[in-house]
Amino acid sequence: MDSASNVLLASSPSAAAAVGMGSGGVRRNPTLICTPIMADSVDKMAILMAEAKSVGADLVEIRLDSLKDFNPNSDIKTLILHSPLPTLFTYRPMWEGGQYNGDEKPRLDALRLAMELGADYIDVELKVAHEFNELLRGNKPGKCKLIVSSHNYENTPSVEELGNLVARIQAAGADIVKIATTALDISDVARIFQITVHSQVPIIGLVMGERGLISRILCAKFGGYLTFGTLESGVVSAPGQPTIKDLLDLYNFRQIGPDTKVFGIIGKPVGHSKSPVLFNEAFKSVGINGVYVHLLVDDIARFLQTYSSTDFAGFSCTIPHKEDAAKCCDEVHPVAKSIGAVNCIIRRQNDGKLFGYNTDYVGAISAIEEGLRASQNVSNTVGSPLAGKLFVVIGAGGAGKALAYGAKEKGARVVIANRTYERAKVLADIIGGDAITLADLENFHPEDGMILANTTSIGMQPKVNETPVSKNALRSYSLVFDAVYTPKITRLLREAEESGAKIVTGLEMFIGQAYEQFERFTELPAPKELFQKTMSKY
């Protein structure tokens, strides 16, 4: 499987370029956006269908199994009549993840009726496709396309098994093949991409769950027939669906084509990251044909091995993968090597080799220096305001290493505080500093005017009431920095400010480290003002 994506990406169909206009310029793919319509009454469905059209959907999936009192004849007529968009009718039974729990005959009759009354698409499950075809007796309206679907809520089968499944669906009379599987690991999605890109028939290939999110965005690159975009966050008809707003505005879905380069943020957790907002906006502003996505990765080595084609061009790395990322690269920048952590990976386009960099320390240290200069009214011409300062770093992971290295380089005296003393000691020895435990930090104040930098995820959403150190212990610090930026003002920063310290938010580090990443991704100067403006909304 490892090289599957190499195989599949080399032969992306490029017929996609020749389609009409989408929002924001030329549309680079023919992949449709379908909005699932789930409501308990026909009236509510009519309202939702109008809303779907207004936000840019191409068609609506009417989920008949969500209706409370369903009268097939009159309701289907009304829905087709009132839909401002092409309609796809689905009447999903409980045995395939839907809400219908009755006899099969009335269910299939209702779908046949929708076909006769002018539906554009009907979705029938593979298990009953044979029965449905017998019901039709060859009288299928030419206008209506039959989607035959298979949902696997357990896993994603092998490429061979998926290929056999597609053949069975085709043999069942499908105009359009639909397979939805479940991602146990993000590498599973590559198998669906491989099937999609080589399919000779129109195919909808989607992978459910957060690890499968890229299947719903990158299907536009690999030739998927449609993807699903919901009207509101959380109201989904299958796990992991993005909103239509995110597809269009965040991921610039209409602009994704076979030749679009893929970038992303590798982390666990990763859904909170604002990197896709920042980079997609920046790519759009300078005309880069790239898309930047969330990548929920469990095993970074497996991820990089699976998505090994040059189409996957660059990655940001966050907790907990920064140290492992350094081991996965073919070459590591000397600074990143001495830190022992990589937060930016570039895939060289001529040979696919991976290069690792660390932009964290520049982003964080410059933000802290600016904060110190502002609080002391010192001009930039003097050396680093960190020189000679006692700099306490909480955490000995990738970000901790970056800050410790950066502070030491600027002439600070560095102390590492970590839950386990052993890890703190290892890092302290590498950079020539001292080590204490997080518990020791409570009573640690050898001098006033110290600097504190939290590089752990303590206090990050959703655990916003947590803090690595008590308010009482913050009085000895003149400046406190927190690498966490969701929320922008963490409990640690709020209590530090109340204790009289200057605070520097993780957002400032985040923007600072992103400048250099953007430049490495694109070989263009970073649009700094745009970055500041984009992040000022958060």
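The values are calculated or read from the model by the stated rules, or taken from the named source; none is laboratory data. What you are looking at is a predicted structure, and each value in this text was computed from that prediction instead of being measured. Using ideal geometry, Cβ is built from the backbone for each residue, glycine included, and neighbour counts are taken over all protein chains shown. These accessible areas exclude ligands, DNA and RNA; they are computed on the full protein's heavy atoms, side chains included. Shrake-Rupley method; radii C 1.70, N 1.55, O 1.52, S 1.80 Å.
Obtain the radius of gyration and the Kirkwood radius of region 111-262 from its C-alpha atoms and give Rg over Rh. Rg/Rh for region 111-262 comes to 0.98. Taking amide hydrogens as placed 1.01 Å from N in the peptide plane, the amide H of Lys353 sits under 5 Å from those of Arg348, each at least 5 positions away in sequence or on another chain.
Here the chain has 50 percent of its accessible surface on carbon and sulfur atoms, given a 1.4 Å probe and all protein chains in place. In terms of overall dimensions, region 94-133 has a Cα radius of gyration and Dmax of 10.2, 27 angstrom. Spread over its residues, the convex hull of the C-alpha atoms of region 160-233 is 90 Å³ per residue.
Seen through its C-alpha gyration tensor, with square-root eigenvalues sorted a ≥ b ≥ c, region 323-462 comes out oblate because a/c lies at 1.5 or above while a/b is not bigger than b/c. Treating each Cα of region 188-330 as one equal point scatterer and applying the Debye formula with no solvent, the log10 of I(q)/I(0) at q = 0.12, 0.13, 0.18, 0.20 Å⁻¹ comes out as -0.46, -0.55, -1.10, -1.36. Charged neighbours of Gly314, selected by a Cβ distance under 9 Å, balance to +3 (K, R count +1; D, E count -1). Against the empirical curve 2.2 N^0.38 Å, the C-alpha radius of gyration of region 31-177 lands at a ratio of 1.03. Please report the spacing between the Cα centers of region 55-69 and region 439-513 in Å, no decimals. About 47 Å separates the Cα centre of region 55-69 from the one of region 439-513.
Taking Cα centre as origin and charging only the Cβ of basic (Lys, Arg, +1) and acidic (Asp, Glu, -1) residues, the dipole magnitude of the chain rounds to 760 debye.
In this structure, the amide hydrogen of Leu32, modeled 1.01 Å from its nitrogen in the peptide plane, lies closer than 5 angstrom to those of Leu226, Thr227, counting only residues at least 5 positions away or on a different chain. About its Cα centre, the dipole of region 86-233 is roughly 380 debye, where the only charges are +1 on Lys and Arg Cβ and -1 on Asp and Glu Cβ.
Calculated from the alpha-carbon coordinates, region 192-258 shows an Rg and a Dmax of 11.5, 34 Å respectively.
Across region 259-273, coupling constants 3J(HN,Hα) worked out from phi with the 6.51/-1.76/1.60 Karplus curve, θ = phi - 60°, read 9, 5, 7, 9, 10, x, 9, 8, x, 7, x, 9, x, 7, 5 Hz, and Gly and Pro carry x. With θ taken as phi - 60° and the Karplus curve 6.51 cos²θ - 1.76 cosθ + 1.60 applied, the whole-hertz 3J(HN,Hα) list for region 448-453 is 8, x, 6, 10, 10, 10 Hz, x standing for glycine and proline. Once you divide the Cα radius of gyration of the chain by 2.2 N^0.38 Å, the number left is 1.11. Using only Cα atoms and rounding to the nearest 10 degrees, what angle (0 to 90) does helix 275-286 make with the longest principal axis of the chain? Helix 275-286 sits at roughly 80 degrees to that axis.
Taking all protein chains into account, the per residue accessible area for the chain stands at 41 Å² (1.4 Å probe). Normalising the average separation of contacting C-alpha pairs (under 8 angstrom, six or more residues apart) by the number of residues puts the relative contact order of the chain at 10 percent.
For Lys44, the lysines whose Cα comes closer than 29 Å to its Cα, not counting residues fewer than 8 places off in the same chain, are Lys53, Lys68, Lys77, Lys105, Lys143, Lys145, Lys178, Lys245. By the Kirkwood approach, averaging reciprocal distances over each pair of separate Cα atoms, region 443-504 gets a hydrodynamic radius of 11.4 Å. Sequence neighbours fewer than 8 away in the same chain don't count; with that in mind, list the lysines whose C-alpha is under 19 Å from Lys327. Lys327 reaches Lys268, Lys337, Lys353, Lys401. Ranked from largest, the principal axis spans of the Cα set of region 395-513 equal 32, 30, 26 Å. For region 321-361, the calculated P(r), taken from all Cα-Cα distances in 5 Å bins from zero up to the bin holding the longest distance, is 6, 30, 36, 17, 9, 2 percent.
Here's how it looks for Asp434: its modeled amide H is under 5 Å from those of Val414, Val415, Ile416, which are all 5 or more places away or on a different chain. Restricting region 49-109 to GluC sites (Glu not before Pro) that sit in a DSSP loop and have at most 16 other Cβ atoms within 10 Å of their own Cβ leaves nothing. Between Asp69 and Asn101, the contour length at 0.36 nm per residue exceeds the Cα-Cα span by 10.2 nm.
Suppose the Debye formula is applied to equal point scatterers at every Cα of region 246-357; what is log10 I(q)/I(0) at q = 0.12, 0.14, 0.22, 0.24 Å⁻¹? Debye output, listed in q order: -0.40, -0.55, -1.24, -1.38. Rounding to the nearest 10 and keeping the result within 0 to 90°, find how far the Cα-based axis of helix 42-55 lies from the longest principal axis of the chain. Compared with the principal axis, the helix lies near 60 degrees. Converting phi to 3J(HN,Hα) with the Karplus coefficients 6.51, -1.76 and 1.60 and the offset θ = phi - 60°, region 297-305 yields 10, 8, 10, 5, 5, 5, 4, 5, 5 Hz in sequence order, with x at every glycine or proline.
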